[in-house]
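Note sheet for the following structure.
The values are calculated or read from the model by the stated rules, or taken from the named source; none is laboratory data. Owing to the predicted nature of the structure, the values given are computational and were not obtained by experimental measurement. Positions of Cβ are backbone-derived with ideal geometry, glycine not excepted, and every protein chain shown enters the neighbour counts. What goes into the accessible areas is simple: the full protein's heavy atoms, side chains included, and nothing from ligands, DNA or RNA. Shrake-Rupley method; radii C 1.70, N 1.55, O 1.52, S 1.80 Å.
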Amino acid sequence: MLRWILIVVLVMVLVAGAGVGWWLYQNRADPVPPGTPARPAAASLDPAIVPVSPNAPVPTAAGVAKQLAKPLKDPALGKLTGQVSDPLTGKVLWSQGADEPRVPASNAKILTASAVLLALPHDSRVTTEVVVGANGEAILVGAGDPTLTSTPAGEPSFYSSPGRISDLAEQIKRSGRHVTSIAVDTSLFTGPTMQKTWDRRDIEGGDITPIESLMVDGGRLKPNDEYSPRTDQPALAAGRALAEALGLNSPVAETTAPSGAPVIASVKSAPLTVRVGDMMRYSDNVLAESLGIELAEATGGEPSISGGAQAVLKTLRTNGFDVGDATLVDSSGLSYSDRVPASLLDELMSAAAGNGRPKLRSLLDSLPVAHGTGTLADRFFPASTDGAGWVRGKTGTLTGVSSLTGTVQTVDGRVLAFAMISGGTSPADARPAVDAVVGALRDCGCRG
């Protein structure tokens with residue numbers, strides 16, 4: 001019996017082996033023809049940032065004018081003033097009414113960003129402190145940092161690398177002080193908390209909050225919602241956020257911290273360049289106003305909305321920029337009373353992209369990318385307009401005003417600076433028309 005079992009098993013093995021051999025034979029690879037090159041090595045990825053060549057062909061003024069002739073005929077542009085220049089040579093390649101002061105909308109933030117980058121240390125941070133008051137009161141002292149956040153540790157926040165209320169609360173608990181109530185000190189800033197030409201309806205609309213030296217999440221009622229309505233009492237809202245983190249139910253009061261009061265907790269903001277980037281990328285009016293006041297305080301001006309606007313122009317003038325025809329009543333461009341010529345906007349952008357102003361270089365990193373990031377994410381659709389990925393720019397929008405200032409790399413690899421201010425038509429119509437003008441620069445060889 002054992003012998004027969006072994007024979008059966010052997011037969012099955014031979015049959016199976018024959019079957020496998022037949023399958024392998026039928027599915028064998030075709031022979032490699034004689035002379036076939038050896039298999040190439042596997043492809044490898046070596047990511048790198050490749051700088052543009054300083055020797056890329058330079059467009060001519062006549063070539064740029066010819067390239068822009070067609071898109072400039074679009075009636076949706078309304079009244080358009082603008083300027084295009086070559087940052088490496090400093091030569092203006094195209095200009096149309098560029099010296100006329102116009103309502104810049106949020107392109108005014110280019111002035112604010114440039115001024116603070118020129119005047120303040122790029123690694124400077126704002127420190128928010130909690131000091132000891134009387135009778136168990138802890139005082140949250142405003143230092144002008146609107147990026148302070150109420151979101152708990154470990155959770156995302158709207159602003160980059162902010163100080164957190166939760167960190168202040170933990171430090172207070174570890175201090176051993178028995179805290180029974182919270183007060184807020186907003187004495188750092190002076191003057192009105194709203195510029196007189198602003199519309200208070202923009203608070204609920206999410207564009208602005210009263211500019212106080214203390215707030216959380218830029219005054220947003222929904223901390224991580226860019227378009228959230230904002231509070232009309234930002235300092236008290238910040239105090240309530242700290243009270244909640246400490247489990248306190250007592251009302252939050254307004255006070256002035258005693259001189260020399262012991263500090264029991266503190267947090268720092270992100271560095272200046274990071275805050276400038278947030279301001280530019282999301283066109284944040286509150287952060288722009290706070291940066292303007294930070295500049296005023298650092299340069300001996302009045303720490304107020306008007307003082308910030310004056311400090312911006314003063315700093316640019318001191319650094320050799322022609323601001324004679326510019327008028328700013330705020331640092332954000334929210335007011336229709338602001339006036340800036342396109343030539344100044346282009347001059348600042350050209351300085352950032354050129355080689356003579358290294359302090360302005362980080363301004364380029366803060367600009368949204370066409371059809372990619374920030375306020376340009378939904379513009380420059382490739383199906384209708386060239387420039388996606390190649391244009392970086394700061395947008396500006398008010399009713400009847402559409403502005404765009406930035407840089408574009410031409411098809412020949414030359415980086416050009418530009419500034420465009422359109423007025424008198426609906427932004428919904430004007431923005432695509434402005435994008436078409438700038439997109440034409442992307443297609444520009446423009447050497448004849």
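Brief remarks on what is shown
- Here the condition is being at pLDDT 95 or above, in a loop (DSSP other than H, G, I, E, B) and in contact with a Pro (Cβ under 6 Å, 6 or more places away or on another chain); of Gly333, Gly320, it holds for Gly333 alone.
- Scanning the stretch 191-220 for residues that are touching a residue at least 60 places away in the same chain (Cβ under 8 Å), open to solvent by 30 Å² or more (accessible area, probe 1.4 Å) and of a type in the set (Asp, Glu) yields Asp202, Asp207, Glu212.
- Checking each residue in the stretch 402-422 for being surrounded by fewer than 24 Cβ atoms within 10 Å (Cβ to Cβ), touching a residue at least 40 places away in the same chain (Cβ under 8 Å) and aliphatic (A, V, I, L, M) picks out only Val415.
- Against the conditions (1) within 17 Å of the chain's Cα centre (by Cα); (2) at pLDDT 95 or above; (3) open to solvent by 10 Å² or more (accessible area, probe 1.4 Å), Pro358 satisfies every one except (1).
- Residues being touching a helix residue (DSSP H, G or I) at 6+ places or on another chain (Cβ under 6 Å) and in a strand (DSSP E or B) - total across the stretch 419-443: 4
- Of all the criteria given as (1) open to solvent by less than 70 Å² (accessible area, probe 1.4 Å); (2) over 15 Å from Ile421 (Cα atoms); (3) free of Cβ contacts under 8 Å to residues at least 40 places away in the same chain, the one not satisfied by Trp94 is (2).
Okay, residues lined up against (1) assigned to a helix (DSSP H, G or I); (2) in contact (Cβ under 8 Å) with a residue 12 or more places away in the chain:
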site: Ser44; (1), (2): no, no
site: Pro47; (1), (2): no, no
site: Lys66; (1), (2): yes, yes
site: Ala76; (1), (2): yes, yes
site: Leu88; (1), (2): no, yes
site: Ala98; (1), (2): no, yes
site: Asp123; (1), (2): no, yes
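- Scanning the stretch 63-103 for residues that are touching a helix residue (DSSP H, G or I) at 6+ places or on another chain (Cβ under 9 Å) and among the hydroxyl-bearing types (Ser, Thr, Tyr) returns Thr81, Ser85, Ser95.
- Which listed residue, of Ala265, Ala243, Ala261, is assigned to a loop (DSSP other than H, G, I, E, B), over 21 Å from Leu291 (Cα atoms) and at pLDDT 95 or above: Ala261
- Out of Ala388, Ala383, Ala436, Ala430, one residue alone is over 16 Å from Lys109 (Cβ atoms) and open to solvent by less than 10 Å² (accessible area, probe 1.4 Å). It is Ala430.
- Top-ranked residue in the stretch 276-312 [being open to solvent by less than 10 Å² (accessible area, probe 1.4 Å) and outside any helix (DSSP H, G or I); ranked as nearest to Arg200 (Cα to Cα)]: Asp284
- Single residue of the stretch 236-270 satisfying the filter (in contact with a Lys or Arg (Cβ under 7 Å, 6 or more places away or on another chain) and of a type outside the set (A, V, I, L, M, F, W, C)) that is farthest from Leu287 (Cα to Cα): Lys268
- Filtered residues of the stretch 226-264 (kept if touching a residue at least 40 places away in the same chain (Cβ under 8 Å) and more than 24 Å from Gln171 (Cα to Cα)): Glu226, Arg230
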